[in-house]
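**Q** Before anything else, here's the structure in question.
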Amino acid sequence: MFENEQERASAVAKLEWRPSAATYASLFGGWFYQDEQEVRHEHLAISNQSIRPENQTENTGDWTQGRIEAGYVYQPEETTTTAITGRLTHDFSEDNAIDLTASFSSAEVDIVRNMSKFLPAMSEDTTFSYDQSSGNPLLTFVNPDLSNDPSISSNSYIRERYQDIKQDLIYLDGAWMHNYEEDDRGFGYKLGGSFVNRSHSFDREYIEGDVFNTDGCTEADITNCPLVTFDQYVEDPTFSTTDPNVRFFLVDDAALRADWIAQGKPQTTDRTDNSINTDYEIDETIYAFYAQAAYQTDRLKVHAGLRYDKTEADVDLYIRDVRLPSDPDSAQFVPAKRSYEYDFLLPSIIASYEATDDVLLRAAYTRTIGRPNFEYIKRGEAYSAPDDTDPSDPRISISRGNPDLKPLVSDNFDISAEYYFDNGGSLISIAGFYKDVDDLIYIVTAEIPDFEYEGNLYTATVNQPVNATGASVYGVEFGLRKDFADLLPAPFDGFVFDANATWIGSEFTYINAEGDERDPGGWVNQPELMLNAQLSYEYGPFGAKIAYSWVDEYLSNILADSGDVYDVYAQPNGVIDMQARYELTDRITILGEVQNVTEEKLEFNRRFPTGDLLSGNTQRGRVVWLGVNFQY
């Protein structure tokens, strides 16, 4: 069960200066703020999976040992962005002009993760049976009274984790243009260059401990006292579960954390390695030079260009040296530096032709690159908290970077036809596209048995980004826009209907950690069919729209090395959104928005030989925004 609240605020200002018809200058500044507060209460029914369920059928079974774990997670996230952009254009003559742009932006994200958990011993007295014949697991506990007793659960951990992410961006661009404006005719060209510098840093602080019952305890070291129990930290109210006789108890984390602070935050787990193993600083600079040529008539427009793009970057991070002593764990991490660079020639040609006054044809070829996420490039490793739920198969998750990751390179082919009617207010369109992608970036998941971590052996699940040998994506999109201005009388003539349908096919070869190949049936997170429809209305100072979007099933996560068994698929999903605005004056507008009106959830199924079974679902809830826009 979780609650999520979001607040957004922004302020923008723009100054414009035109000393003459030939010169224009502007200065734009913006400040953007978002604060998200999420609280998650956990009620986890955990079984001892090392013991096979008894009385097992296709959909039912009885676990020999089990327990309920009660947890709490508080996840506030604050994002602040400041940006300023200046632009200067000057026409030296009717055909020649310069266009200069400079901008600076700074963004910071502060993330807190406060977590706590209580759990009892794994027992036959707190176990349960399951029935998943309905598609959702229904649990029945063998001893509801004992499962409802919070005094049998002791504090498992209390955690504090702080993450600070910062990025500064400098962008400069300058171009000389000859006969290159939209309304120019004949041949023209544009010559220019750009400079981009990004400084990106990530810093984490992580501590973990326990809260102890000091009543009657005379130990000099507080960590030798008994742990506090859940009955001291139950927060009202309680909620129902799938077993009508077992309640969902909430953890009063505020009271638990206050006692932890009062005890001096005793730390019982060494998290110093987690505080340093993901820290990094990246300084990336991108230089580009480009030349573009244009030929324009009243009906035909052709733009061809060539761009040279060079990227240089330095990465400062920490790498574990297992030869060093590990007390504390962070002592094994030493500073390291990595540098990388690459360059590309990126051609393009884009053409449009007005076959008639109502028909517009377009075609394009472009080559583009997609740079790896900064998180992917860093060399370090991030370890999850070990999972000892099943003593016979303890597990740990590891996320690894890949310093040898290459940018993806895509050759893109696009073609479209548009037919306009209702005096240009309505249209029907069809478009096709094909992208041939080299070095597509995806995540490889591998299991390593007997992985040693902090002196213990685990089955490690390792996730690491890699490049595919080849991939492609292609599709067709149909679009419709109907303006009712010439069809309906006032005030109904303000309605406009928009809709599009997109079919997408994709291919890539998945290579696992051992080098074995298989076809997963398409790209991850790429549905084959997407539908969108929107009805909007404008009348005087009032405007509103309602939109519906639907996506088909798609591959969400590749878990198996061979075949599609155990892969996870997101299920078809449709969402309704609504927006409205009213202009009180020329400068003040009231805005309202409702996202996911019907509170649709995201559901994921795991593929098994006998059919799909539920892997998980996420309740996204309904989001309501209210705002005021002021212009001066």
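The values are calculated or read from the model by the stated rules, or taken from the named source; none is laboratory data. Model, not experiment: these values are computed from the prediction. A quick note on method: Cβ atoms are made from the backbone with ideal geometry, for glycine too, and the neighbour counts reach across all protein chains shown. Protein only, heavy atoms only, side chains kept; ligands, DNA and RNA dropped before computing areas. Shrake-Rupley method; radii C 1.70, N 1.55, O 1.52, S 1.80 Å.
**Q** Looking at this structure, is Asp184 of a type in the set (D, E, K, R), surrounded by 14 or more Cβ atoms within 10 Å (Cβ to Cβ), without any contact (Cβ under 8 Å) to a residue 60 or more places away in the chain and more than 30 Å from Asp316 (Cα to Cα)? Explain how you work it out, then say what you get.
**A** Values: of a type in the set (D, E, K, R): yes; surrounded by 14 or more Cβ atoms within 10 Å (Cβ to Cβ): yes; without any contact (Cβ under 8 Å) to a residue 60 or more places away in the chain: no; more than 30 Å from Asp316 (Cα to Cα): yes.
Judged against the criteria, Asp184 is not a match.
**Q** Could you run through region 407-423 and say how many residues are closer than 30 Å to Asp493 by Cβ and either in contact with a Gly (Cβ under 6 Å, 6 or more places away or on another chain) or open to solvent by 60 Å² or more (accessible area, probe 1.4 Å) (or both)? Step through it out loud before you land on a result.
**A** We begin by selecting, within region 407-423, every residue closer than 30 Å to Asp493 by Cβ; these are 416-423.
Checking which are either in contact with a Gly (Cβ under 6 Å, 6 or more places away or on another chain) or open to solvent by 60 Å² or more (accessible area, probe 1.4 Å) (or both) leaves us with 419-420, 423.
Number of matching residues: 3.
**Q** Take the residues in region 424-436 that are part of a strand (DSSP E or B) and without any contact (Cβ under 8 Å) to a residue 40 or more places away in the chain, then tell me which one is surrounded by the most Cβ atoms within 10 Å (Cβ to Cβ).
**A** Step one: of region 424-436, the residues part of a strand (DSSP E or B) are 426-436.
Retained after the next criterion (residues that are without any contact (Cβ under 8 Å) to a residue 40 or more places away in the chain): 435-436.
Values: Lys435: 18, Asp436: 15.
Going through the qualifying residues, I end up with Lys435.
**Q** Against the definition (open to solvent by 60 Å² or more (accessible area, probe 1.4 Å), closer than 30 Å to Ser133 by Cβ, out of contact with any Pro (no Cβ under 6 Å at 6 or more places or on another chain) and not aliphatic (A, V, I, L, M)), how does Phe630 come out, yes or no? Working first, answer last.
**A** Values: open to solvent by 60 Å² or more (accessible area, probe 1.4 Å): yes; closer than 30 Å to Ser133 by Cβ: no; out of contact with any Pro (no Cβ under 6 Å at 6 or more places or on another chain): yes; not aliphatic (A, V, I, L, M): yes.
Against the criterion (open to solvent by 60 Å² or more (accessible area, probe 1.4 Å), closer than 30 Å to Ser133 by Cβ, out of contact with any Pro (no Cβ under 6 Å at 6 or more places or on another chain) and not aliphatic (A, V, I, L, M)), Phe630 does not qualify.
**Q** Under the condition of being among the small types (Gly, Ala, Ser) and assigned to a loop (DSSP other than H, G, I, E, B), which residue from region 307-365 is farthest from Phe421 (Cα to Cα)? First the steps, then the outcome.
**A** Filtering region 307-365 for residues among the small types (Gly, Ala, Ser) gives 313, 326, 330-331, 336, 339, 348, 351-352, 355, 363-364.
Filter again for assigned to a loop (DSSP other than H, G, I, E, B), leaving 326, 355.
Working: Ser326: 73, Ala355: 14 Å.
The extreme case among them is Ser326.
**Q** Can you confirm whether Ile319 is crowded, with 17+ Cβ neighbours inside 10 Å and either touching a helix residue (DSSP H, G or I) at 6+ places or on another chain (Cβ under 7 Å) or closer than 30 Å to Asp110 by Cβ (or both)? First the steps, then the outcome.
**A** Values: crowded, with 17+ Cβ neighbours inside 10 Å: no; either touching a helix residue (DSSP H, G or I) at 6+ places or on another chain (Cβ under 7 Å) or closer than 30 Å to Asp110 by Cβ (or both): yes.
The answer is no for Ile319.
**Q** Starting from region 188-211, take each residue that is surrounded by fewer than 17 Cβ atoms within 10 Å (Cβ to Cβ) and list its partners that are in a strand (DSSP E or B) and among the polar types (S, T, N, Q), counting only C-beta distances under 6 angstrom and pairs at least six apart or across chains.
**A** Asn197/Thr285
**Q** Yes or no: region 564-580 includes at least one residue that is within 30 Å of Lys14 (Cβ to Cβ) and open to solvent by 70 Å² or more (accessible area, probe 1.4 Å). Reasoning before the result, please.
**A** Taking region 564-580 and keeping what is within 30 Å of Lys14 (Cβ to Cβ), we get 577-580.
From the residues that got through so far, the ones that are open to solvent by 70 Å² or more (accessible area, probe 1.4 Å) too are 578-579.
Within region 564-580 (the criterion being within 30 Å of Lys14 (Cβ to Cβ) and open to solvent by 70 Å² or more (accessible area, probe 1.4 Å)), the answer is yes, since at least one residue qualifies.
**Q** Identify, by number, the condition in (1) open to solvent by less than 60 Å² (accessible area, probe 1.4 Å); (2) among the polar types (S, T, N, Q); (3) free of Cβ contacts under 8 Å to residues at least 60 places away in the same chain that Asn224 doesn't meet.
**A** Unmet for Asn224, out of (1) open to solvent by less than 60 Å² (accessible area, probe 1.4 Å); (2) among the polar types (S, T, N, Q); (3) free of Cβ contacts under 8 Å to residues at least 60 places away in the same chain: (1).
**Q** Could you identify the single residue in Ile349, Ile369 that is touching a residue at least 12 places away in the same chain (Cβ under 8 Å), within 28 Å of the chain's Cα centre (by Cα) and closer than 20 Å to Asp414 by Cα?
**A** On the way: Ile349 fails: within 28 Å of the chain's Cα centre (by Cα).
From the options Ile349, Ile369, the qualifying one is Ile369.
**Q** Still on this structure, please answer the following. Would you check if there is a residue in region 59-66 being of a type in the set (Phe, Trp, Tyr) and closer than 30 Å to Trp176 by Cβ?
**A** Quick first cut of region 59-66, residues of a type in the set (Phe, Trp, Tyr) only: 63.
Restricting the remaining residues to those that are closer than 30 Å to Trp176 by Cβ gives none.
Taking every residue of region 59-66 in turn, none turns out to be of a type in the set (Phe, Trp, Tyr) and closer than 30 Å to Trp176 by Cβ.
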